[in-house]
1. With Cβ to Cβ distances under 12 Å as the rule, what net charge do the other residues near A:V90 carry (K, R +1; D, E -1)?
2. Would you pull out the residues with amide H under 5 Å of A:H223's amide H, same chain only if 5 or more places away, H placed 1.01 Å from N?
3. Cα centroid distance between the stretch B:152-174 and the stretch B:280-327, in Å?
4. Using 1/(1 + (r/R0)^6) with R0 = 35 angstrom and r between the beta carbons of B:V384 and B:M317, what's the FRET efficiency to the nearest 0.05?
5. Write out the chymotrypsin sites (Phe, Trp or Tyr not before Pro) in the stretch B:150-247 meeting two conditions: DSSP loop, and at most 15 other Cβ atoms within 10 Å of their Cβ.
6. Straight-line reach from A:K125: which lysines fall under 25 Å, measuring Cα to Cα and dropping same-chain residues less than 8 apart?
7. What stretch of chain A, leaving out the sites themselves, is the longest with no GluC sites (Glu not before Pro) in a DSSP loop having at most 13 other Cβ atoms within 10 Å?
8. Taking A:K12 as the anchor, which lysines have their alpha carbon closer than 25 Å to its alpha carbon, excluding any fewer than eight residues away along the same chain?
Amino acid sequence: MTAAIQVNAVEKSFGNVQIIRDLNLSVAKGERHAIIGPNGAGKSTTFNLISGYIKPTSGEIRLNGEVTSGLRPFEINRRGLSRSFQVTNVFARMTVWENVRCAVLWATGHRYAFWKNVDNLPEVKQRTAQILDDIHLSHRSDVPAGLLTYAEQRELEIGITIAGGANVIMLDEPTAGMSHAETERAVALIRRLTEGRTLVIVEHDMSVVFGLADRISVLVYGHIIASGTPEEIRGNPKVKEAYLGEEVD
Amino acid sequence: MTNAPTPSLAAAKQEPGGALGFYGVWLLAAAALIVLPLIFSSGGSLTSFSLIGIAIIFALSYNILLGQTGLLSFGHAVQYGLGGFLAVHAMNAVANHNWPIPLPVIPLIGGIGGMAFALLVGWVMTKRAGTVFAMISLGIGELVASSSLILRSVFGGESGITTDRTSLMPMFGWTFGPQIQVYYLIAFWVLVSAIAMYALTRTPLGRICNAVRDNPERVEFIGYDPHVVRYLAYMFAGFFAGIAGGLTAINFEIANSAYLGAMQSGFVLFSTFIGGTAYFFGPILGAILVTYLQLGLTSVTSVWQLYFGVIFIGIVMFAPGGIAGILMKHRPLIRAGTLGTVIPSYLVAAIPTLAFALGIILTIETVARFSGGDPINLLGIPFVATAPTTWAAAAVLVVGGFLVARITWRRVAEAWDRAATVARDRGYLA
Ligand SMILES: Nc1ncnc2c1ncn2[C@@H]1O[C@H](COP(=O)(O)OP(=O)(O)OP(=O)(O)O)[C@@H](O)[C@H]1O
Ligand SMILES: [Mg+2]
């Protein structure tokens, strides 16, 4: 079976600083894959490469078998990959409802339509309401996104990411800055919403990582030093040395 | 995962005002446009209404760019002017060949002209937003305006190209000679264009334009190419600007290079911004006010442009949301029933503010008329520009007005805070 995401020997330099070196990553369809690593290891850069935000200096990236390195973000998104951002990245002046609805429009086939009343599209309306319900923001639907609390913005960020129904979902530190209770709720949400889809998640909270992931990749200095099941990663001496230390014991 | 429709609050809330309220507003607008010239029937007011109507279409078209898509154009008059020129040429051709095309169709040709030009240059222009777009729009504006003086056969040089709107076939017995008939032609297009542009904001494209305005980067990750979105918005803006230009050509029976120039581009930016870009009706208010002021001020002062500058700076500094923004700020207070508590503080603040404004006016006119000109007449009081008493009066009004106004506006802010807190407690303010 072709992998959902296949990264082959990707390198990325900014100027003459090499951030990503010989990156190889394979995420199977339907798998929940966590990427962990110290600050500045290149996790977000890896997300940026896979989602088309930046182009690799060399190497190749495939989505469901098709080469996507070199494509623009919207082209990759249309092929079924959707990502969230570590720093909340929403449509600040638009309401919560509008934020989610915009993320639904392309996927429901309405594209650049200028001859349809957006309020009269039943499937768009239903899906938007469903997503808002899922992310527990129905009661805030009329509020401009810029006025939401931090935790609410993080939930909206997830909502926008999953709204298009992409089959590969990438979440960059979705629970960063959340309280313990908020994190638990967010993880339950992520687990439920990505059911039956492929999930790639960057996360610093080890209890979240080991509770959620089917497989884990450890990224250090732009290179994946180990990839495997949570047990394999827990027992890997290289990982222990490089990154995890006492944390997993 | 179940896909049953969730009867959530959000879904139920999406039709603000309902269909009745929606059609009600437009019916009211139509009624107003019909009866307006019956109430104010002098030739002067008919001319004013005609110009205001055109300015409304032009400003609304500009707001497709500025308010809806976040594109600051310094050359929107290009599409307007080209629409005007195409309309004039079309009218002359129709008259010469006796084609069975009535005058009311001509603005559509202007619109197509504006759109065609946008189609041609827009793809390159809208590749980037922000400063790049603003600079290119300025460059294209200058380019077209200066070529219009060179390409004499198309643009008629300095004098422009004239036409005769009555030379087309009459429609329903209307020759469109009398201004009242031209007014109704313009009113018809104002209504149709405004409805169409409002409808555009309610389409998938219209919503995505807002998303591109707010965050073009994120738009790319929900499936959209912001470049395409900007390009489409630019074409629609060009289309409606062309309609406005076509109407101007009909109204004045001429098109000249001034239509395309920086003055005209500045005028539309100005109207739209003063009216307020965040709400659909903002540019309508701006177009009415600015056109009205322009017509009114030119007859009482020679430095009317200076007043525009002062107003513009005032709006940018104190009310960046424009008139519409000021009005809409009060909506939660009205709903919460606390507007009454701020009105008295407004009335108090109005007095020194007015004194300050009069001081500014007196200063400007004194400077403008110092070395000759008509005597100054401010609210019926005559002033002599060269008299020291006038200078003293101006200084007292400006300084005194400013100092007192500052105190009273602080009071307004306090009253506002109290009213807003109550409104927030009652759930009318986020
Ligand atoms: N556009 C860029 N230009 C230059 N350097 C960059 C750029 N983007 C990222 N970097 C550098 O690449 C390195 C990796 O950054 P990245 O954001 O991918 O780390 P990360 O693993 O996501 O870290 P964190 O856990 O802090 O989010 C950092 O040193 C960063 O400064
Ligand atoms: Mg990161």
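1. Net local charge, A:V90 excluded: -3.
2. Amide H to amide H, under 5 Å and 5 or more residues apart or across chains, A:H223 pairs with A:R21.
3. When both Cα centres are located, 32 Å separates them.
4. Computed FRET efficiency for B:V384 and B:M317 comes out at 0.60.
5. B:F172
6. The reachable lysines, counting only those whose Cα sits under 25 Å from A:K125, are A:K116, B:K13.
7. Result, exposed sites excluded: A:1-194.
8. Answer for A:K12, where 25 Å is the Cα cut-off: A:K43, A:K55, A:K238, listed by chain and number.
Here, each number is a calculation from the coordinates, and none is a lab measurement. All figures in this text were calculated on a predicted structure; none of them were measured in a lab. Glycine also receives a Cβ, built like all others from the backbone with ideal geometry; neighbour counts cover every protein chain displayed.
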